[in-house]
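Computed from the coordinates by the stated procedures, all read-outs in this text should not be read as laboratory data. Remember, it's a predicted structure, so these values are computed and weren't measured experimentally. Neighbour counts run over all protein chains shown; Cβ positions are idealised from the backbone, glycine included.
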Amino acid sequence: MIEDGNMTTFQSLGLVDTLLRAVEAEGYESPTPVQEQSIPPLLAGRDVLGVAQTGTGKTAAFTLPVLQIMDRNKPGGKRHIRALILSPTRELAAQIDERLGAYSEHMDVRHRVIFGGVNQNPQVRALQRGLDVLVATPGRLLDLVGQGHIDLSRIEFFVLDEADRMLDMGFINDIKKVLKLLPNRRQNLLFSATMPKSIATLAGSFLNDAVMVDVSPKEMTVDRIQQKIMFVRKADKRRLIVKLIKEQKVKCGIVFTRTKHGANRLVKQLDQSHISAAAIHGNKSQGARTKALEGFKKGSIPILVATDIASRGIDVEGITHVFNYDLPNIPESYVHRIGRTARAGRSGVAYAFCDDSESGYLVGIQNLIGMEIPVETQNPFHFEGAIPKPGQKAGEMKKNSSQNKNSNEGRPRQHGYKGKRGSNSNNNNRGQSRNSRDSKPNNNNRGQARRKPSEGSSSNGSRNDRNSGGRSNNNSGNNRRQGGPRR
Ligand code: AMP
C-alpha cells in the first residue's frame, strides 16, 4: 500500500479517481480509522462487521467501496436495485442518502431514501423510474415490497447500519424477513455501535467470513470533546441549563433528555426563559422533526432537545455544546450523545448533569469510557449528594434519598428499578467492564426479540462460528481486527 509519509490516504486505500474527487470536495483530508480498516477488505469483496458509531465516518466507509464496485461492474439492461442499506431511523436513512449523493457526485448512480410517516407515492414513482441504491427503514421497505414496488432479488450489497439500534427498536423480525428476500450471493456489511451477543448472533446468521473492524467507543470519546460533569439536584437542573446556555451564549447546542415527555417539558421551560428550542423525538411527526432539524441547522433554533433514538443520524457539524440533561441509562448512549459535537475536526463541550438518582449511571458511563469525567466545580447548584459513593456499582440507584421520591420524572418506568442496592437491575451494568459488552442487552426492551436468547439466529447458519459473528464475542478492544487482512 502506498503511504503518504506515515499517513494513509484515500488514494492508498485503492479508491478510484471519481471517488477521490468527491471526498476531496467534501474536504476530507485523510481516511478515518473505520474507513482505513473497512475500505480495503470491502473493495476486495469481503463481508465486513464494523463496530463503529455515527460520527466515526462509517457512512463513507461502507458507501465508497460499494459505489466503486458497482461502478466497476455495471450490468446492462434496465436499472435495478443493486445495493440495499437498512437504517433504523428516518433521520439516519436520510443522512446516508444525502452522503450517497455527495460521494456519487461523479458517477452515474441513482439512489433514493424511503421511510414511513410520509406519503409513499413519490417513493413509488422513484422506484418505478429505477434505482441502483436504496436506503430504507425496515417498515416502509417491507410495505413497498408487499405492494410489489420493490424487488430485492438482485441485491449485490446488503448494508445493515446501526444494527444494535435496530434490535433495540424491535426490528429483528423485519430484518429476518428482508434477509429472506435477498439472493444468496451478495456482499454483506453490518455496522453496530456496540457488539452485544444479540448482534454477534445476528451477524453470524448472514455474514460470511467477515472481517471485523472495531473502532470502539473508548477511542471515540474524542479528545477534542471537553467533557464535564456537574452534580446537581434534579430540581435545579432547569436553572443550571438556562444559566449555562445564557452565559456561554450557546448558538448551536443539543440537550438530551431520557424521555419524550421530558423533552417537551424542557422546551417549554426554556421558552419561558426566553431560550428558543425545539424538541425532536419519536412522537413528533416527520414534518415537525424535519422542520426542527432544518431550523437548527440554519441557526434559527439554537437549541435542540432530543431523545436518544431521535438523535441518531443527526449530523450537524457546528454543534458546540452537548448537554446530558438526564444521564442516559445505557452507557453507550453517552458516547453517542457527546459525539454529536466535535464533528469534522472541530472541538466541543459536553456537559453531563448528574442528580442523586443518576450516580450509578455515571459509574457505568465512566467504566465504559475508561476515565473519570472531570467535575465542573464552578457550579452554584453543586450538590455533593449526587457524587457516586466509593465502590458504587454501575446502574445502581442510591437508596434512602428523599429526592428520589420526587425525582423519577423523566425516567421511563420499564427500567425495572426498585431502588434496591445491588439489585443489578436490567442491563445497567453493561458499563462495568469492557467484557460486559457481550452481555445480552436487556434494557431497552422495546424490542420483543430481546427476550429470546436465540434472536437473530435464522435458519441459514447462525451456528456459523467460523465467521466474525462468532468471533466477536471475545472482542474487548485489543484484538481489534480479527480475521481481516492487515493492510
Ligand atoms: P458518519 O460517522 O458517517 O456519520 O460521519 C460523520 C461525519 O464525518 C460526517 O459529517 C462526514 O461528512 C464526516 N467525515 C466522514 N469521513 C471523513 C473524513 N475522512 N474526514 C473528515 N470528515 C469525515
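Couple of notes before you dig in:
- Estimated FRET transfer efficiency when R0 is 25 angstrom, pair VAL316-LYS243 (beta carbons, to 0.05): 0.60
- With a Förster radius of 41 Å applied to the beta-carbon distance between ALA44 and ARG79, the computed FRET efficiency rounds to 0.95.
- ³J(HN,Hα), Karplus 6.51/-1.76/1.60, whole Hz, each residue of the stretch 59-66, x for Gly, Pro: 4, 5, 4, 9, 6, 4, x, 4
- Spacing of the modelled spin labels on GLU105 and VAL124, each 7 Å from Cα toward Cβ, amounts to 3.6 nm.
- Spin-label pair LYS291/ARG185, simplified geometry with 7 Å Cα→Cβ offset, distance in nm: 5.1 nm
- Cα-based shape type of the stretch 72-183, given that a ≥ b ≥ c are square roots of the gyration tensor eigenvalues and the cut on a/c is 1.5: rounded
- Among LYS284, LYS389, the order by Cβ neighbours within 10 angstrom, fewest to most, reads LYS389, LYS284.
- Taken one residue at a time, the phi angles of the stretch 102-113 give Karplus couplings (6.51, -1.76, 1.60, θ = phi - 60°) of 5, 6, 9, 2, 9, 10, 8, 10, 9, 10, 7, 9 Hz. Gly and Pro are set to x.
- Above-threshold pairs, the threshold being 28 Å between Cα atoms, out of LYS58/LYS393; LYS74/LYS297; LYS177/LYS298; LYS251/LYS291: LYS58/LYS393; LYS74/LYS297; LYS177/LYS298
- When +1 charges are put on Lys and Arg Cβ atoms and -1 charges on Asp and Glu Cβ atoms, the dipole computed for the stretch 17-215 relative to its Cα centre reaches about 920 debye.
- Cβ crowding within 10 Å, taken as a proxy for footprinting-reagent exposure, orders THR377, THR59, THR8 from fewest neighbours to most as THR377, THR8, THR59.
- Burial ordering of ILE280, ILE369, fewest other beta-carbon atoms within 10 Å first: ILE369, ILE280
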